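Below you'll find the structure, written out as structure tokens, and then a few comments.
Derivation of every value follows stated rules applied to the coordinates shown; laboratory data play no part. Keep in mind that this is a model prediction, so the values were computed, not measured. Cβ: placed from backbone, ideal geometry, glycine included. Neighbour counts: every protein chain shown.
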Amino acid sequence: MVLGLGLFLTACVSSPSQGDPDDGPAQDTVGNFVPDRDDSLRETLGDSPAECVASAGAEVRDVDPEDSPVKPWQKPTGGELVVEFETGRLSERYTRLVTEAATIWSESPCIEAVTARSCTGGANCVAIVEDGSRSRGTDGEMRWDDNGAYMESATITLYTQPLDRASDNGALATIVHEMGHTLGLDHRLERSDVMNSVTGDNTNPVPDAIDFANLVAIYGT
Ligand SMILES: [Zn+2]
């Protein structure tokens, strides 16, 4: 078996945190973001599919053609795809945000994203590490190995120099974004979406209905 190259996706270029109405709902204070996120999630779920069943000819939509396409995991027949995200090397803040991001992605009927201090044997495993070095303008990155058809493992790097200065909302958007890549999603053209290549403190960290539909297009049966 030939492993694919580990590729870097640079993501989450920090955007100015004010002034652009296309950058998603403004957050007044850190204390407001949780109810806003819950509202956003409810609205999104109103549009998202109830089952991981793709209609004939379903394709991923609104994908940025300049992105390097990631591979999907091999989904078990008839079951949800379970992906474990390792939190054992993370500080309390990033453990909390990764846990919240896993809950958000698990709203997809195709995905069960779970956290574990370290992955169980044989699991679809995503390692997550913090890096305190300078990040050249990127606050999150992922790389992966694949076997040509399917993703086999992935690693998310969280650059703490910029992320420690980001709001919880902005850091969560970065983490949701990188986790989205590890679930097989490429960048979106829609500027306000969390899977756009640029996210910031004002980005809504909740994926939109197209993101959830894209997961069905990838994993639906
Ligand atoms: Zn990205």
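With N as its number of residues, segment 92-155 has a Cα radius of gyration that, divided by 2.2 N^0.38 Å, comes to 1.25.
Mean projected area of the convex hull spanned by the Cα atoms of segment 71-221, taken over all viewing directions: 8.5 nm². When +1 charges are put on Lys and Arg Cβ atoms and -1 charges on Asp and Glu Cβ atoms, the dipole computed for segment 71-221 relative to its Cα centre reaches about 220 debye. The residue among Cys110, Thr99, Thr87 whose Cα reaches farthest toward the positive pole of the charge dipole of segment 77-126, with charges on the beta-carbon of Lys, Arg, Asp and Glu, is Thr87. Between segment 100-157 and segment 170-211, how many Å separate their Cα centres? The distance from the Cα centre of segment 100-157 to that of segment 170-211 comes to 14 Å.
Going toward the positive end of the dipole of segment 71-221, with +1 on Lys and Arg Cβ and -1 on Asp and Glu Cβ, which of Gly200, Cys125, Thr160 do you reach last? Positive-most Cα among the choices belongs to Thr160.
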